[in-house]
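Encoded as structure tokens, the structure appears first; notes follow it.
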Amino acid sequence: MRIAQRAQKIEPFYVMEVAKAASLLAGQVAHTADPMIFLNIGEPDFTAPPLVQEAATKAIHDGATQYTQATGLWELREKISGWYASRFKVDVAPNRIIITAGASAALQLACLALIEAGDEILMPDPSYPCNRHFVSAAEGQSVLIPTTAQERFQLTREKVEAAWNHKTRGVLLASPSNPTGTSIAPEELQRIHEYVESRGGITLIDEIYLGLSYEEHFGHTALAMPNELGQSVISINSFSKYFNMTGWRLGWLVVPEALVPVIERIAQNLFICASTVAQHAALACFEPESLAEYERRRSEFKARRDYFIPELNRLGLTVPVMPDGAFYAYADCTSLVKKWGLAEHRADGTGGSWDLAFELMKRAHLAVTPGRDFGTASPEKYVRFSTASSMAHLKQAIARLEKVIG
């Protein structure tokens, strides 16, 4: 059977390979004193709040399960618009908001609408692997630009200008970012977008962790950029992270008004609509009781960050930039790799953090994510910890690390 070239360009999602190995070992140690602790997957340990669950049940009971418009329930688009106004003090018209089957569908729709075969999209290295694969699926080419801790692992205007050429279509940023949990400074984002606009390009920004921002300077949506710049940026968002609805597969896209009918036409053909039950459930996310619970949970995520990062630093797993959002710690593991005598790097992408991840599984029954998924700029030096697990699990993880590191 002949496989399409576009499919062959999609690399494996290595974090899932690690997860499979961790799950296998977890079954073997489940009934021991040290069962597996999973700090490898970026999924909140919280589930949808009671009002959201009740709204889903009511939708099913009332038979509100038929197709919606491809752009989603108008009432939900209005609720999201209201959330932007109250949370971020920015006016986003409901007709610019398109409900999607998760942020993944949102990014797929944007890429299909805007990227031609051979177009290049500039992205920071490290970054979330699936984002670049959506570009590949649209027959574009992601161009990973190495970033530094001093740059908060984000692109700068200078780097965008240096990389721009006749094939460049635009940039794809993430703020806060997976795997680093760092955001791009608002003033730098504006500088980048102004340049992209001047070249007739597009700025796509993944804001799925925006609700989980912990520092005032960074917790702003790109849609709030001044002088109508916010009208031309394309923002991808999700109900998975801040709203704790991962398996419900619901997200949204904010686009310039002229792009709405284009996205709608593609969505009609590819998806028909996002889950109707999930959409009705999501209406309850914006009730005062639910929003209060989400803010309580955000405080809990911050408390986990404030405990876990200093402890990693103390143990020599240095996090070079304090995450200002999300629930990740991107830690330099170079010293531990050397201490344990592991290969620092191999041509096939293993060694370093990859080998360390499997050693931590065996020695500490602790699952983490090696840097291999996130780019080509020294991924062997970094492992990603997820702090989306409970504080109790995080404390147990630190105790185990302390024991095996010495």
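The values are calculated or read from the model by the stated rules, or taken from the named source; none is laboratory data. Just so you know, these numbers come straight off a predicted model, no measurement behind them. Positions of Cβ are backbone-derived with ideal geometry, glycine not excepted, and every protein chain shown enters the neighbour counts. These accessible areas exclude ligands, DNA and RNA; they are computed on the full protein's heavy atoms, side chains included. Shrake-Rupley method; radii C 1.70, N 1.55, O 1.52, S 1.80 Å.
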Query raised in the report: Given the residues 221, 246, which is the only one that is polar (S, T, N, Q) and open to solvent by less than 20 Å² (accessible area, probe 1.4 Å)?
Result: 221
Report task. Hey, can you tell me all the residues within the range 261-290 that are touching a residue at least 40 places away in the same chain (Cβ under 8 Å), closer than 24 Å to residue 87 by Cα and part of a helix (DSSP H, G or I)? Result -> 278, 279, 280, 281, 282, 283, 284, 285, 286, 289, 290
**Report entry** Qualifying residue in the range 101-124 (condition: closer than 20 Å to residue 210 by Cβ, small (Gly, Ala, Ser) and open to solvent by 20 Å² or more (accessible area, probe 1.4 Å))
**Finding:** yes
Query raised in the report: Any idea which residue in the range 301-326 is surrounded by the most Cβ atoms within 10 Å (Cβ to Cβ), counting only those that are hydrophobic (A, V, I, L, M, F, W, C) and assigned to a loop (DSSP other than H, G, I, E, B)?
Result: 326
Report task. Report yes if residue 146 is surrounded by fewer than 23 Cβ atoms within 10 Å (Cβ to Cβ), within 30 Å of residue 306 (Cα to Cα) and touching a residue at least 12 places away in the same chain (Cβ under 8 Å), otherwise no. Result -> yes
Report task. Take residue 298 and decide whether it is open to solvent by less than 20 Å² (accessible area, probe 1.4 Å), touching a Phe, Trp or Tyr at 6+ places or on another chain (Cβ under 9 Å), of a type outside the set (A, V, I, L, M) and within 19 Å of residue 210 (Cα to Cα). Result -> no
Query - Residues that are open to solvent by 30 Å² or more (accessible area, probe 1.4 Å) and touching a residue at least 24 places away in the same chain (Cβ under 8 Å), drawn from the range 1-18 - result: 6, 9, 10, 11, 13, 14
Report task. Search the range 149-175 for residues that are surrounded by fewer than 23 Cβ atoms within 10 Å (Cβ to Cβ) and pair each with any residue that is of a type in the set (Lys, Arg) when their beta-carbon atoms are under 6 Å apart and the residues are at least 6 apart or on different chains. Result -> 157/191
Query raised in the report: Can we say residue 43 is in contact with a Pro (Cβ under 8 Å, 6 or more places away or on another chain), surrounded by 13 or more Cβ atoms within 10 Å (Cβ to Cβ) and either farther than 30 Å from residue 389 by Cα or modelled with pLDDT of 90 or more (or both)?
Result: no
Query - Some residue of the range 19-38 being open to solvent by 20 Å² or more (accessible area, probe 1.4 Å), within 24 Å of residue 250 (Cα to Cα) and in contact with a strand residue (DSSP E or B) (Cβ under 8 Å, 6 or more places away or on another chain) - result: no
Query raised in the report: Within the range 327-341, can you find the residues that are part of a helix (DSSP H, G or I) and surrounded by fewer than 17 Cβ atoms within 10 Å (Cβ to Cβ)?
Result: 335, 338, 339
Requested in this report: Being touching a Cys at 6+ places or on another chain (Cβ under 8 Å) and in contact (Cβ under 8 Å) with a residue 40 or more places away in the chain narrows it down to one of 362, 381, 339, so name that one.
Outcome: 381
